[in-house]
1. Could you work out the relative contact order of the range 1-160, using alpha carbon pairs under 8 angstrom and six or more residues apart, expressed as a whole percent?
2. Quote the relative contact order of the range 108-212 in percent (integer), defining contacts as alpha-carbon pairs under 8 Å separated by 6+ residues.
3. Treat the count of other C-beta atoms within 10 Å as a stand-in for reagent exposure and order 52, 170, 200 from fewest to most.
4. Using helices alone, what [θ] at 222 nm do you get for the chain, with -39,500 (n - 2.57) per DSSP H run of 4 or more residues, divided over all residues and rounded to the nearest 500?
5. Shape verdict for the range 1-120, please, from the Cα gyration tensor: rounded (a/c under 1.5), prolate (a/b greater than b/c) or oblate.
6. Fully extended, how many nm does the chain gain between residue 200 and residue 56 (0.36 nm per residue separation, minus their Cα-Cα distance)?
7. With bins 10 Å wide starting at 0, give me the P(r) of the range 60-146 over every alpha carbon pair, in whole percents.
8. Hey, what's the Cα Rg ratio for the range 108-212 versus the globular rule of thumb, 2.2 N^0.38 Å?
């Protein structure tokens with residue numbers, strides 16, 4: 001399975017995928033390309049350092065979102081991509097992109113969806129006073145963080161948590177969960193029936209994903 005990762009920022013989830021691949025933990029998934037919309041972001045440098053093919057599609061060069069989406073599709077075509085992973089990619093994808101890769105795009109979000117979609121999810125969770133937060137990997141559809149949930153990992157919210165401290169603990173779980181889901185998808189262990197997604201648990205190491 002050829003995987004493309006799209007990112008906009010520091011790329012720590014990308015690095016988790018790179019490290020997992022180096023340890024042979026992604027199964028048949030191959031990191032084929034990394035695309036960014038911010039030319040000087042850290043994610044781009046991480047991909048180059050790992051020897052992964054890279055491309056830049058700067059959203060600021062497109063007045064219309066559909067043109068940006070079409071440019072993304074064109075940049076990805078040579079890599080024969082089977083799965084698209086959004087790892088801190090701060091752009092909404094529209095019909096042109098999802099029409100090409102629909103059902104094969106996943107995103108990692110730092111909250112237990114459907115709670116706290118959108119930006120600053122950790123800040124929302126800390127401010128709201130919830131006792132449990134975490135991260136979600138979900139399929140991407142039109143809408144903000146609204147696609148079917150594949151898997152989640154929970155993180156307790158402490159009384160003294162602020163946005164930064166909660167985000168740091170959630171990030172640890174993101175780095176564990178995302179590579180596990182990519183491997184499960186590559187091994188064909190993810191099935192969907194409408195909005196209900198099931199992950200078949202089959203891990204030689206004994207690790208498993210909770211069926212959602």
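Nothing in this text is a laboratory measurement; each read-out follows from the coordinates by a stated rule. Not measured: the values here are computed from a predicted model. Positions of Cβ are backbone-derived with ideal geometry, glycine not excepted, and every protein chain shown enters the neighbour counts.
1. Taking the mean separation of contacting Cα pairs over the length of the range 1-160, I get 20 percent.
2. Taking the mean separation of contacting Cα pairs over the length of the range 108-212, I get 25 percent.
3. Result, fewest neighbours first: 200, 52, 170.
4. Here the helix-only value at 222 nm equals -10000 deg cm²/dmol.
5. rounded
6. Taking 0.36 nm per residue and subtracting the Cα distance, the gain is 48.3 nm.
7. Going out from 0 Å in 10 Å bins, the range 60-146 shows 16, 43, 27, 12, 2 percent.
8. 1.09
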